[in-house]
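Working notes for the structure below.
The values are calculated or read from the model by the stated rules, or taken from the named source; none is laboratory data. Model, not experiment: these values are computed from the prediction. Don't worry about glycine lacking a Cβ; one is built from the backbone with ideal geometry, like all the others, and counts go over all protein chains shown.
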Amino acid sequence: MPRLKEKKIMREKIISILSELRPEFDFSEPVNFIEEGMLDSFDIVTLVDTLDTEYDIVIDGIDIIPENFDSLDSIVRLLQKNGVNE
């Protein structure tokens, strides 16, 4: 089951990054980050830059859409699409 452990580590790292970006919110909650006002377009740009640096990837501009940042699972899927398996 190393895949589940890797996904858990990735989720924890993303929560940590999001919490630094917007400490007033609990990103471990299963809510829509966009609809709940937890992330706005400026936050997404900052998050993309941080994820690019943290994981040494380049998230393509066509992937920078709200649907890819509206939940922890969607961010994990986006990272996996970009080759992150941590």
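List of remarks:
- Each residue in the stretch 19-53 was checked for being surrounded by 11 or more Cβ atoms within 10 Å (Cβ to Cβ) and touching a residue at least 40 places away in the same chain (Cβ under 8 Å), and 3 of them qualify.
- 3 or more residues of a type in the set (S, T, N, Q): qualifying helices (runs of 4 or more DSSP H) within the chain: 41-55
- Flag for residue 14 being surrounded by 13 or more Cβ atoms within 10 Å (Cβ to Cβ) and modelled with pLDDT of 95 or more: yes
- Extreme residue, farthest from residue 9 (Cα to Cα), among residues of the stretch 64-86 that are surrounded by fewer than 14 Cβ atoms within 10 Å (Cβ to Cβ) and free of Cβ contacts under 8 Å to residues at least 60 places away in the same chain: 65
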